[in-house]
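K.L.:
Before we start, here is the structure in question, set down as structure tokens.
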Ligand code: AMP
């Protein structure tokens, strides 16, 4: 596995691969890797000839009162896991490598970025779109693999890729969960033991919604109410949002029309967790 820290070295490496007509798969991450990330790597290895993984805790996608400084980091462990997973290149740029003095260009999906996560985290998707576009320009991947765990991120980036004629196909991979249903996340490490137990209410509420839909109970309001009730059984929970939306515009729907998404952000103590479920006919 080659470790690259400079943009120009990465570009040269990619150029050499393309010359040999190898397809390039890309998995962008913020590190502190878990099985969710590794499932993306596995998918990338199955799809492309060579695989690049980036590890970059991107400051521009964190709000001023968010956890940028605190975000968990363990680069040695990450490198060991990626080596074992058979990754070809890990790209580990510094903040000044991607945002040198004078950096002044940002990209944003104007409308999608204001919905759901974007409403709660103003500026978040501006940071995400900008960094992912920069990384895609450096890696020039044929395929980019991302997790459904961050479904709005996938929808926003698909829009950006289409709008800007980028020749990368974004492939959405399923959410990997703990045995009790909690979606794996680097932020789960913030949870205390008791909070960790309470955190299962997110998935439980989604399973409740799934049962309603399976039983053809299509009353959106009663589904939302039932979900809220389940989440509120956790003493330390505080709902940021729960929404049932279409998948294209992320607008709330009032009657069930497939496909749609139920997505949520819930605080368990001070930790903000997100989860979602996609419903297709
Ligand atoms: P992050 O390091 O949190 O920025 O995530 C990097 C990539 O891993 C994103 O595409 C995430 O959607 C994906 N990811 C994070 N958690 C999971 C999970 N539990 N299952 C599948 N993919 C995930």
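K.L.:
Every residue in region 222-231 that is surrounded by fewer than 19 Cβ atoms within 10 Å (Cβ to Cβ) and in contact (Cβ under 8 Å) with a residue 12 or more places away in the chain, please.
P.N.:
Going through region 222-231, the residues surrounded by fewer than 19 Cβ atoms within 10 Å (Cβ to Cβ) turn out to be 222, 224-226, 228-229.
Selection gives 224, 226, 228.
K.L.:
Restricting attention to region 232-269, and to residues there that are loosely packed, with under 14 Cβ neighbours inside 10 Å and within 16 Å of residue 153 (Cα to Cα), which single residue is farthest from the chain's Cα centre (by Cα)?
P.N.:
251
K.L.:
Could you list, in sequence order, the residues of region 1-21 that are touching a helix residue (DSSP H, G or I) at 6+ places or on another chain (Cβ under 8 Å) and either more than 17 Å from residue 73 (Cα to Cα) or in a strand (DSSP E or B) (or both)? Break it down into steps so the answer makes sense when it comes.
P.N.:
Within region 1-21, the subset touching a helix residue (DSSP H, G or I) at 6+ places or on another chain (Cβ under 8 Å) is 1-7, 10-11, 14.
Passing the criteria: 1, 2, 3, 4, 6, 7, 10, 11, 14.
K.L.:
Could you list, in sequence order, all residues of region 22-37 that are more than 6 Å from the ligand (Cβ to nearest atom) and either in a loop (DSSP other than H, G, I, E, B) or within 11 Å of residue 173 (Cβ to Cβ) (or both)?
P.N.:
Of everything in region 22-37, those that are more than 6 Å from the ligand (Cβ to nearest atom) and either in a loop (DSSP other than H, G, I, E, B) or within 11 Å of residue 173 (Cβ to Cβ) (or both) turn out to be 22, 23, 27, 31, 32, 33, 34.
K.L.:
Follow-up. Considering (1) in a loop (DSSP other than H, G, I, E, B); (2) in contact with a strand residue (DSSP E or B) (Cβ under 9 Å, 6 or more places away or on another chain); (3) more than 16 Å from residue 118 (Cα to Cα), say which one residue 250 fails and leave the rest.
P.N.:
(3)
K.L.:
Please go through region 255-268 and give me each residue that is in contact with a strand residue (DSSP E or B) (Cβ under 9 Å, 6 or more places away or on another chain) and assigned to a loop (DSSP other than H, G, I, E, B), ordered by number.
P.N.:
Passing the criteria: 256, 257, 258, 259.
K.L.:
Would you confirm whether or not region 163-186 contains a residue that is assigned to a helix (DSSP H, G or I) and within 16 Å of the ligand (Cβ to nearest atom)? Spell out how you get there, then give the answer.
P.N.:
From region 163-186, those assigned to a helix (DSSP H, G or I) are 163, 186; that's our starting set.
Still in the list and also within 16 Å of the ligand (Cβ to nearest atom): 186.
Yes, region 163-186 contains at least one residue that is assigned to a helix (DSSP H, G or I) and within 16 Å of the ligand (Cβ to nearest atom).
Throughout, read-outs are computed from the coordinates displayed, never taken from laboratory work. If you're wondering where the values come from, they're calculated on a predicted model, not measured in any experiment. Every residue, glycine among them, receives a Cβ derived from its backbone with ideal geometry; neighbour counts consider all protein chains shown.
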